[in-house]
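What follows is a single structure, written as structure tokens, with notes after it.
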Amino acid sequence: MQSEIRKPGPLHDSNGHLIQSGWARDLILQYDRSKVRANPLRIKEWDFYEIRNDEFGLILVIFDVGYQGTIKAQFLDFKRHETSEASESEWFTKGKLNLPPSSNSGDIRYSIKNASWECLKKDDHRLFKFNFPDYLGGKGFSGEIKLLHPKGMDSLINVIPFKNPKHFVYAQKANCMQAFGSFKVGEKEYQFSEENPSFGCIDWTRAVFPYKTSWYWASASGLWKGNLLGINFDYGFGTESSKNMIFFNHKGHHLDEVTYHWNHANVEDDWIFESNDDRVKMRLHPTFVMVEDTNFLVLRMKVLKAYGYFSGDLVLDNGEILHISKEDRLFGHAEHAVNRW
């Protein structure tokens, strides 16, 4: 199992090598892009948020992966099995988007053409504002969403080394951030409200990956017997793979290795999740499966993503067993990504 990082300090030394590796509950290590010893085309930085209930979802992402910078909003209709996306991109940005070195502070405001994307950091929430006026021939895609992020809330932070000492991943995952607000896709408006509780998760990443990379990531948030419950299962790259946590009322319960598998001949069969310490025995019952494939031949990003309800058993640090049934409606996703970048 990875060791917990408790001592603050810089992420890299003067040679661009990681000073520490392991996991933490907050971004206590300081990322400094100027200390990364890599071609600017190789540095990958993104802020990814997915907000959803079991009826619909919204993905808000801004990324600068060296050769491309993008702002994006994507709508997911889990009942109709439909998706729609608005995005704008620039080529060979190489850090031009100037994304903050931490997700805890530093506002983001960026525009490309007529589109704009904002994430404003407040004491206990993040405020998103986005507008893609040219979407659907001028019908537009816009919204304003508040994502609660209370003080003292645990995250899962991972500092991940590779065989090449100048390759690394510094990533934050967090769940159960309750969402409020509205957005419009064309002429139709959608609300995140108390009536059907909606939760956001974050994937904040600063990294230099190998050219060929694959990963597995599963995430879910919901309410279980009146308690906030979230899961993050994440593995597949680097030399340390225990990037897993149960979130229970905003407190993190760290896990060792969790792996999962699915029926490649029928991806709508249950996906099976198990841990090496018997603290995770879960199933994902897919209700919607999609494949996204961005292919520029030399550069390619392909993701298989299944959405649905999780059920099974989770064991907290104190030994308490949580029995989750389908009726608990713990909704989330699992994905397998393969990249050449």
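The values are calculated or read from the model by the stated rules, or taken from the named source; none is laboratory data. The model shown is predicted, which means the values in this text are computed figures rather than measured ones. All Cβ positions, even for glycine, are placed from backbone atoms using ideal geometry, and neighbour counts span all protein chains on display.
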Is it the case, given these coordinates, that Leu97 is surrounded by 17 or more Cβ atoms within 10 Å (Cβ to Cβ) and in a strand (DSSP E or B)? no
Single residue of Ser219, Ser198 found to be farther than 18 Å from Pro150 by Cα and out of contact with any Ser or Thr (no Cβ under 6 Å at 6 or more places or on another chain): Ser219
So Leu41, is it closer than 19 Å to Leu147 by Cα, touching a Lys or Arg at 6+ places or on another chain (Cβ under 9 Å) and among the aliphatic types (A, V, I, L, M): no
Only one of Trp117, Trp46 is modelled with pLDDT of 95 or more, under 27 Å from Thr239 (Cβ atoms) and not acidic (Asp, Glu). Can you tell me which? Trp46
Hey, which of the strands (runs of 3 or more DSSP E) in segment 256-341, taking only ones fully inside, have at least 3 residues that are touching a residue at least 12 places away in the same chain (Cβ under 8 Å)? 258-261, 271-275, 280-296, 299-315, 330-340
Looking at segment 136-153, which of its residues are surrounded by fewer than 20 Cβ atoms within 10 Å (Cβ to Cβ), at pLDDT 95 or above and either within 22 Å of Ala24 (Cα to Cα) or touching a strand residue (DSSP E or B) at 6+ places or on another chain (Cβ under 8 Å) (or both)? Gly140, Ser142, Glu144, Lys146, Leu148
